[in-house]
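Asks: Have a look at this one.
What follows draws every value from the coordinates through simple rules; no lab data is involved. This structure is a prediction, so every number in the text was calculated from the model and none was measured. Every residue, glycine among them, receives a Cβ derived from its backbone with ideal geometry; neighbour counts consider all protein chains shown.
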C-alpha cells in the first residue's frame, strides 16, 4: 500500500496473481493518494503548524507511483487520443480572436505564440514572462535579442527568422531525472522560413515578429511597413535599448 509518514510518500505493493490486478491496484492507489494530500494539509491546519508545499507532496507521490510501476514493469503510457491542429483550425482560431478581443495587441501576441507552438511545439514557459520573480529571473522569456531576422534575396517582402530558445523545460516522465536536468543549460536555434502561399501569410512567423516590432517602434532603421518591404538592408535589426524587452507581453 501507499503510505504517508512524515509527509514522505513510499510504496509497498505485493505482486498480484495477474498483471491486470497489479495495474488496477496501482490505479486505485493513485486515485487514493489525492486524499492523502488533502489529509496532510488538514492535519497541519488542525495543529497550527506550517504544512508541506503541495508541489513537494505531488512530486513525492508521483515518484512513488513511478517507482512502483518500474518495479512491476507497468507501462506509464495510456492510450493517446491526439488532436492535431492544422492551418484551417488555426485560421478559425485567429479570426475568432481578432473579432472578439478587446485588445488587438494582445491578440497579435497570441497569434505569434500559437504559430510557434504549432511549428516547433515550444512550451509556454519558454516564451512568456513568469508570473513571479521577474527581477530574480532576468530574461527568463523570449526577448528581442533572441531573434535574428534577415531579408531573403530576390524575394521581395520575404524574410527569415532565426530564433534562439534559451529557456527550455524537460518533458520527461521521470521526475528524478528531470530534477537533475533542471540546471542543465541548453540552447536550441530554430530557423523559420516564410510560407510559399500568400494565403498563409498570417502564419508566417518572421512576419509576425516584424508586425509586432513595427507597431512598438523598436526597429533600428525601419518605421513603416513600406520602408520594410521596399528596403534593401539584409539584416532587420532591433534598437539596442529594446533587446532585453519581452516579445510576448500581457
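Asks: Between residue 45 and residue 235, how many nm apart are label points set 7 Å from Cα along the C-beta direction?
Replies: 5.8 nm
Asks: Here's another thing I want to ask about it. So if R0 is 25 Å, what FRET efficiency would residue 245 and residue 152 give, r being the distance between their Cβ atoms, rounded to the nearest 0.05?
Replies: For residue 245 and residue 152, the calculated efficiency is 0.45.
Asks: Mind jotting down the distance between the C-alpha centroids of the stretch 198-250 and the stretch 31-72, whole Å?
Replies: Computed from Cα coordinates, the inter-centre distance equals 48 Å.
Asks: Neighbouring Cβ atoms within 10 Å as the yardstick, rank 186, 97 fewest first.
Replies: 186, 97
Asks: Taking R0 as 25 Å, what FRET efficiency do you get between residue 223 and residue 145 from their Cβ-Cβ distance, rounded to the nearest 0.05?
Replies: Computed FRET efficiency for residue 223 and residue 145: 0.75.
Asks: Roughly how many nanometres apart are two label points built 7 Å out from the Cα toward the Cβ at residue 123 and residue 98?
Replies: That separation, rounded to one decimal, is 3.2 nm.
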